[in-house]
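Student: This is the structure, below, for whatever I ask next.
The values are calculated or read from the model by the stated rules, or taken from the named source; none is laboratory data. Small disclaimer: the values here were computed from a predicted structure and weren't measured. Remember, those area values only see protein heavy atoms, side chains included, never the ligands or the DNA or RNA. Shrake-Rupley method; radii C 1.70, N 1.55, O 1.52, S 1.80 Å.
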Amino acid sequence: MQIPGHIDPVPLPAKVTPREDGKADIIGLSQPEIRDLMIEAGLDAKQAKLRSKQVFHWIYHRGITDFEAMTDLGKQLRPWMAERFVIGRPEIVEAHLSEDGTRKWLLRSADGQDYEMVFIPDDDRGTLCISSQVGCTLNCRFCHTGTMRLVRNLTPGEIVGQVMLARDDLGEWPRGVMDFADVEDGRTQKEYNQDYKSDGRMLTNIVLMGMGEPLYNFDHVRDAMKVVMDGAGLALSRRRITLSTSGVVPMIARAGEEINVNLAISLHAVNKEIRDEIVPLNKKYGIEELLQACADYPGASNARRITFEYVMLKDKNDSDEDARELVRLLRKYDQPAKVNLIPFNPWPGSPYECSTPERIKAFSSIIFAEGISAPVRTPRGRDIMAACGQLKSASEKKSRAELDRLAEEKQAALG
Ligand code: SF4
């Protein structure tokens, strides 16, 4: 959809990227969409309904990419599917593993567009940061992706494909029994579901915080997240998904109504002048309007607080007065909020410096003293350029041959 104003999203590309071999890549499609494609290809409606359910389960619950491995599909149907469809993954251009366990991938779409994905392991969770666009229109001044032009929106397949690829690389598809119908040890459905959730997976959370503004690619992001949340497939709870926006106010209510995942706001400043500079979208949707949209966000509560991201920029937004103003604003709009303080990660030519550790600590203390959580995010993966947009930018300076060699080496290293 188009949003009127001076900074507009680009129109959506087709939902399925056409392939040279004429086959349709069904990754990212919902079960009814897979059913419809099967019907279009000539399968009768009843068969298509049953078979699409099985295929959906194999793809998203088991991570299978080969129709031949879908043993309950029927011997003739498997080659029939393989002639018409593929279950794709993004191409890996580069894969890096940081000494702190952070992983970063530079990925390429079927039409040659590069985008990034990062996995950040912690003690109690593993967070996958995924991209929603190639490049970005919004030009946030602290953000390296903001220096790139927007090429296009990612399709649902390219968004879901990131999650699938991360699961492949982390080796996290379930083995053993396929579903409850195959459980023979006397467990109830409830017990089976509980066991399934606590199977020690590394990838437990998703944040839409990579390249792009997710609310400027809303339809595709929504469709992709619905697939990711579908209980018959990846089954990730909406409480484990966070959508981060720079503040596309008219779309925030819609995001709440249609996907209702956790919300994070790239706030970064508490007055108009500074936020206009750091997050230029502020000229269109101001701070007060944005905070009101957050206050109205469905499901926001103390148990499910909105995260306000705040990048710490030396002598720009990091004074005691700024911290006090932030508290005042969050109170005024009665926000069930937490503040995430992010030490700025400079890149060559970036216009800002990071605040000193003492300043960041003082800023955090003022907010904590008012009863609002304001932890400082530990920088992760700095040795592999894990900040948004840095890998893509660096790779554009390398030759294709070098990239191919690196991809092979890194794949081997990641096992
Ligand atoms: S912070 Fe997000 S919205 Fe802003 S330029 Fe970077 S990618 Fe775009």
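Student: Under 5 Å between amide hydrogens, which residues at least 5 positions from Thr155 or on another chain qualify, with H placed 1.01 Å from N in the peptide plane?
Tutor: Here nothing satisfies the definition.
Student: Hey, another quick one. Please give the length that would be gained between Ile39 and Lys15 if that part of the chain were fully extended, namely 0.36 nm times their separation in residues minus their C-alpha to C-alpha distance (nm, one decimal).
Tutor: Working: separation 24, 0.36 × 24 = 8.64 nm, distance 1.77 nm.
Gain in length upon complete extension: 6.9 nm.
Student: Measuring from the lowest to the highest alpha carbon on each principal axis, how far does region 43-172 reach, largest first, in angstroms?
Tutor: 54, 35, 22
Student: If you don't mind, another one. Between region 75-105 and region 303-321, what is the C-alpha centre distance in whole Å?
Tutor: 37 Å
Student: Another question about this same structure. At what distance in angstrom do the alpha carbon centres of region 126-154 and region 199-218 lie from each other?
Tutor: Here the answer is 13 Å between Cα centres.
Student: Sticking with this structure for a sec: From the cross-link list Lys15/Lys283; Lys283/Lys314; Lys283/Lys316; Lys23/Lys104; Lys104/Lys284; Lys23/Lys49, which pairs have alpha carbons spaced over 25 Å apart? Before the final figure, lay out each step's value.
Tutor: Details: Lys15/Lys283 32 Å; Lys283/Lys314 22 Å; Lys283/Lys316 18 Å; Lys23/Lys104 30 Å; Lys104/Lys284 33 Å; Lys23/Lys49 20 Å.
Result: Lys15/Lys283; Lys23/Lys104; Lys104/Lys284 exceed 25 Å.
Student: Averaged per residue, what accessible surface does region 252-325 expose to a 1.4 Å probe, in Å²? Walk me through the numbers on the way to the answer.
Tutor: Numbers: 2800 Å² over 74 residues.
The answer is 38 Å² per residue.
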